[in-house]
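These notes are about the structure you will find just below.
The values are calculated or read from the model by the stated rules, or taken from the named source; none is laboratory data. Every value quoted in this text rests on a predicted model; they were computed, and no experiment measured them. Glycine gets a Cβ as well: all are built from the backbone with ideal geometry, and neighbour counts include every protein chain shown. These area figures cover heavy atoms from the full protein model, side chains too; ligands, DNA and RNA do not enter into them. Shrake-Rupley method; radii C 1.70, N 1.55, O 1.52, S 1.80 Å.
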Amino acid sequence: MEVTDIGNKEEGKVWHRKPAAGKGVLVTVVRTAQQAKTVRFLHVAFDTTGDSFLAGDHHGNIYVFDISRNRFRLVQKTGQACTALAFSLRRTTEFLVALADYTIKCFDKDTKQLVSWMRGHEGAVSSISVHSSGRYAISTSLDTAQLWDLDTFQRKRKLNIRQSVGIQRVFFLPLSNTILSCFSDDSIFAWESDTLFCKYQLPVPDTGPKISYKAFAVTRDGKSLAAGGRSNLLHLWCLDSKQLIRVIQMPTQVRTVRQLDFLPDSFDGGASQTLGVLSQDGVMRFINIHTCKLLFQMGSHDDAITAVTVSPNGRHVVAIMDNGSINVYSVQSLTQELNKPPPSQVAVVSGGQADQDLSNLKVKVRSEVVQRPVKTSGRRTQVKTHRLPAGSAAEDKENELPAGLNKKRLVAMLKSFGEYPAKYRMFVWRSLLCLPENHAAYSSLTDKGLHSAFLTLQDQYPIKSQKLQRGLQRVLSALAHWAAIFGEVVYLPLVAFPFVKLFQNNPMLCFEVVATVIVNWCQHWFEYFPNPPLNILSMAENVLAHHDKELLQHLVDCGITSQLYVWPLLETLFSEVLTREEWLKLFDNIFSNHPSFLLVACVAYITCCREPLLLCSQKQDFEYFFHHRNNLDVGAMIKEAYRLMGSTPADIHPRTMLSDFTPLTKGQYPVFNQYPEFVVEYQSREREKIRLQELEYLRERQEVSALRADFVRRQAEEEAYYAQQELLQKAEEQRRNLLAQEEEKLTQQRAKLAAMKRELKVKELQLLDATRRRFLKHQQDLRTTQIQGLEQEIGRKMDQRERETAAAVQDLEVRQMELEAQRRRLEQHLLKEQERMGQRVEEEVEIRLRRAEREEESYTELLHGTETNMQGLEQSLAEACQLGLDSDWQREVAERLQQVEAEQERKRERLAELHRQTLAEEERLADTMTDVAGRKWEEVMRSRAQLQEQQQPLSPAQADDQGPTLPHRPNVTSAVCVGTSAAGPAVRTNSSTSPKQAGSNMVCLNSRSPTESTSTVFSLDRGRAQLDSSERELLREIRELRQKLAARAREGSSASSQSVHTLSSVSQ
């Protein structure tokens, strides 16, 4: 095993020494970076040919390895690890890579340029599946799957699922337009990729353990699905019947299936039988799904495999190992039994010893007889060997077919058994026809869509199966896009239908088979287009004339030409006159011989049916005969065809006029122009002209139909309008009569209603009056009750407040007494301290006086400072003691104050209202008092004037005698002033000017007048008693009246304010 370290190389050889035959591992590829650190490879993907594959490593480098050319090359550096790769796009130089940042990029491996950048996933992309045409791709992550158009690189569809159900895998089925989606709950759905219509769902097995599918694989023909997961059981589904057909149990060493892959086989026709199972132990086991036998395995416990990719041609397997390297395996070296052709059906009987070497037996196949070794009698067995002529090697090389088959051996087998094995027929046909399998060229034809000539194919050739109908349309459209004449050939569906039905799961192979048949077996068919190929029919007629003149003469006598007895067989390729098995058997021989064998087969069919044809005389009988099945031995017909091929003279033999078999070219299909182009173009123009005329006719017909419908509609609308107008007039007359009757009834009802309204209004007024009186009485009672309740509440609250105030005052008095006692004790203590300090000071003063008399002044200042400090200390000590003693009292007083304030807040509003009423009454009383006082003062002034007049003649001696009585008058005046000042604010305002006047007057009355002579003194004792008594009565009345109105409010407010002020001062 050769190990190749690519290191940091950008290109080079995959292996330096050609691997020896028989070795399973061709080469091991590793990549080491700096400091001999191995860079792991993560993903591998093959291209459509199977000769090249992509590999992405952990550093984001993408390499392409070409096994056939023994070269590798670095094509891209992405800079981040890849999570999936795809290399089977329609443009063979492009590839897709999913990166760790959840994006997908498309690169060109030749130019190394970025082609496109696709975003949309929110998680890591786990797989990328590309359609067989290379036009579409599906990218899958854990939570979503997205369908991309690789022509525009736009997202077409997005599959979203619930968070509880994850996506395991979504991929295209091979060679079909079906998408298969597999979820974590083991549900599998199939969708149509064009319409995303759910075609079917595979039933979840009810019995047995749950597998939890993780790995899936589909055969190349898309008919079988294998699924595995967390178990050693594999489920094998048939997608045609949608049934679970088999459960395969792997060995006990397998506990979990990581990956499944079918190994393509050259002889299975797409129905792969070998399945590779990668388990958790890193071993890839290949089993036969029919016999359940282990064929071979790759990897081991020491050299474990993590991922495997199988090439489309089944020749190589690339495995990513657990150590990060890549192993390239040769399937042919791993097993010699898988790619072997089926064993020969020709048995060779030989005798002799059991250990005789039979490998040297050689059999030469001739055209008619199969020669075998001759058995001889005796103890020794003599074997006769037929030696090949000198040119046999060149002939064998010429007869070699793809996939290792030999045409001469196949023809010999066909002549021996009459047909090929049904199991390998498709593979043999593909080998005989040398189909190129040009996927890109076929995709370019199908991308053009359906041809306009076959859009209405179902109308001309109705087919029950919609799938078969669509397949036929696709193949015919591809043929029409390949060559323009095939869009004009009316019998082309008859030629292609048998192959479409046979290859309905592989449209590309069907197209190439039909194209090969047209190029080789339909030579010169289109030279007389649009007429039948007269030259080909003449060839068949010449052969018939040479071998059966009687039958030809009978056909001529009946007026039957070759267009009636040869052309129906050719244009349908015998599909109308033979059954499926007979048709397959016939075409086994047609594809194995020269293209002229088809014409000879037509002649053989006619000659084998000569007896019933000689009995026919009507043209309708001949037409029916060549368009329906007849009782015919196909084996005899084929033998007759071989006889005619060998006995027909060369001058009339079709082989001389038809070319040998020529396969289709690879890469691109050949140009087909063996037809009169001007006729086809003319017919195309005419067809297009007819189509346009038909469209114009349909448009005009549609317009006429629309006009006719519009006319009918308008006529119906007009008739309906007139009928409606008549009905409306009749209805209007009826309504007028009804309205007149209703108006009379309404007038009567209005009169009755007016009378009822008047009665109701009177009753309503009466009820309103009674209700109003009742409501007023209720309101009056309610107000009375509320006033009584308020008075009671006020009285109760006032009593309670007085009690609380009295208790608070008592508490304050007690506390004041305690404080006074404490203050006295503190004063005594301070006096004692002062005496003690005084004694100390005196002693110190005496000492200092003795020391120096000059310090007397400073000592005095010091003594003064000391006294000041002592006073501050005494005051601080007193305050500290006072605060310590009052802390508890202040807390209690604060709580009591809060309670008192809360209670007083509710009473203040009521007291304020009472106080306002009291003030109003006091103002009225003050006005009354002012009027009374004014009248009194006027009387006093008049009395004073009279007394002055009477006392003018008095002597100064009398005035001196009456002088001692004068000092009593100011007391009376002051009493009057005090009484008026206590009346209220209004009284104080009005009396503020009266004392001035009264004072001046009083001076004049009670004292000596300054203007008069000092010897003249008047006596006022006469009216003094009457004036004093009237003043006292007036003051008493004012006090009583004021006390009656404002006693309660004044006492409550004064007591509360006094207590609050006292408590606040104490708390401070």
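Given a cut-off of 24 Å, name the pairs among LYS407/LYS666; LYS223/LYS423; LYS907/LYS1044; LYS18/LYS293 whose C-alpha atoms lie farther apart than that in the structure shown. Table pairs above 24 Å Cα-Cα are LYS18/LYS293.
With R₀ fixed at 25 Å, the C-beta to C-beta distance from VAL671 to LYS112 puts the FRET efficiency at about 0.15.
Solvent exposure of THR291, expressed as accessible area, is near 80 Å², computed with a probe of 1.4 Å over the protein chains only. Fully extending the segment from ASP240 to ARG750, taken as 0.36 nm per residue of separation minus the present Cα-Cα distance, adds 174.9 nm. The aspartates and glutamates within cross-link reach of LYS156, meaning a Cα-to-Cα straight distance under 15 Å and a gap of 8 or more places when in the same chain, are GLU192, ASP194.
For a straight C-alpha distance cut-off of 12 angstrom, the aspartates and glutamates reachable from LYS199 (same-chain residues fewer than eight places away being disregarded) are ASP240. Here the spin labels are modelled as points 7 Å beyond Cα on the Cα-Cβ line, and at LEU615 and VAL165 they lie 6.5 nm apart.
In the stretch 187-233, taking the dipole from charged Cβ atoms about the Cα centre, the farthest positive-side position among TRP191, ALA227, GLN201 is held by ALA227. When ARG69, ARG258, ARG230 are compared by accessible area at a 1.4 angstrom probe, the order from most to least is ARG69, ARG230, ARG258.
Annotation: MET756 carries an accessible surface of approximately 110 Å², with a 1.4 Å probe and no ligand, DNA or RNA atoms counted. Heavy-atom accessible area, probed at 1.4 angstrom with all protein chains present, ranks TRP117, TRP15 as TRP117, TRP15, highest first.
Candidates TRP583, SER538, SER465 compared by Cα position along the dipole of the stretch 459-591: farthest toward the positive end lies SER465, with charges placed on Cβ.
Using θ = phi - 60° in the Karplus curve 6.51 cos²θ - 1.76 cosθ + 1.60, the 3J(HN,Hα) couplings for the stretch 180-195 round to 10, 10, 10, 10, 6, 8, 6, 8, 10, 10, 10, 10, 7, 5, 6, 9 Hz; x is entered for Gly and Pro. Of all lysines in the structure, those lying under 22 Å Cα to Cα from LYS37, and not within fewer than 8 positions of it along the same chain, are LYS9, LYS13, LYS77.
How big is the dipole moment of the stretch 803-858 about its Cα centre under a simple scheme where the beta carbon of each Lys and Arg is +1, that of each Asp and Glu is -1, and everything else is neutral? Debye, nearest 20, please.
Numbers: 12 positive and 16 negative charges, 37 e Å.
Around 180 debye, computed over the stretch 803-858.
Between ARG69 and GLN280, the contour length at 0.36 nm per residue exceeds the Cα-Cα span by 72.5 nm. A dipole drawn for the stretch 726-789 from +1 and -1 charges on Cβ atoms has a positive end, and of HIS778, GLN734, GLN788 the residue lying farthest that way is GLN788.
Can you compute the label reach from GLU743? Point 7 Å from Cα along the Cβ direction, backbone N cut-off under 15 Å, restricted to the stretch 707-736. Only 733-736 pass the distance filter.
Could you put HIS829, HIS864 in order of accessible surface area, largest first, with the 1.4 Å probe and the full protein assembly present?
Details: HIS829 85, HIS864 120 Å².
Largest accessible area first, the residues go HIS864, HIS829.
Think of each Lys and Arg Cβ as +1 and each Asp and Glu Cβ as -1; about the Cα centre, that makes the dipole of the stretch 567-681 roughly 280 debye.
For the stretch 442-458, the Karplus equation 6.51 cos²θ - 1.76 cosθ + 1.60, evaluated at θ = phi - 60°, returns couplings of 5, 5, 5, 6, 6, 5, 6, x, 6, 6, 4, 6, 10, 5, 9, 5, 5 Hz by residue, with Gly and Pro reported as x. Rounded to the nearest 20 debye, the dipole magnitude of the stretch 1-149 is 500 debye, with +1 charges on Lys and Arg beta carbons, -1 on Asp and Glu beta carbons, and the Cα centre as origin. Residues of the stretch 600-620 with an amide N closer than 11 Å to a point placed 7 Å from the Cα of SER647 along the Cα-to-Cβ direction: none.
What is the percent of Cα-Cα separations in the stretch 96-251 that go past 20 Å? Tail of the P(r) past 20 Å holds 52 percent of the pairs. The 3J(HN,Hα) values that the Karplus relation (6.51, -1.76, 1.60; θ = phi - 60°) gives for the stretch 584-591 are, in residue order, 4, 5, 5, 6, 4, 7, 5, 6 Hz. Gly and Pro appear as x.
Taking only the Cα atoms of the stretch 1-112, how large is their convex hull per residue, in Å³? Don't jump to the answer; show the numbers that get you there.
Numbers: hull volume 11.8 nm³, N = 112.
Spelled out: Cα convex hull of the stretch 1-112, divided by residues, is 106 Å³.
Label positions at THR866 and GLU895, each projected 7 Å from the Cα along the C-beta direction, are separated by 4.8 nm.
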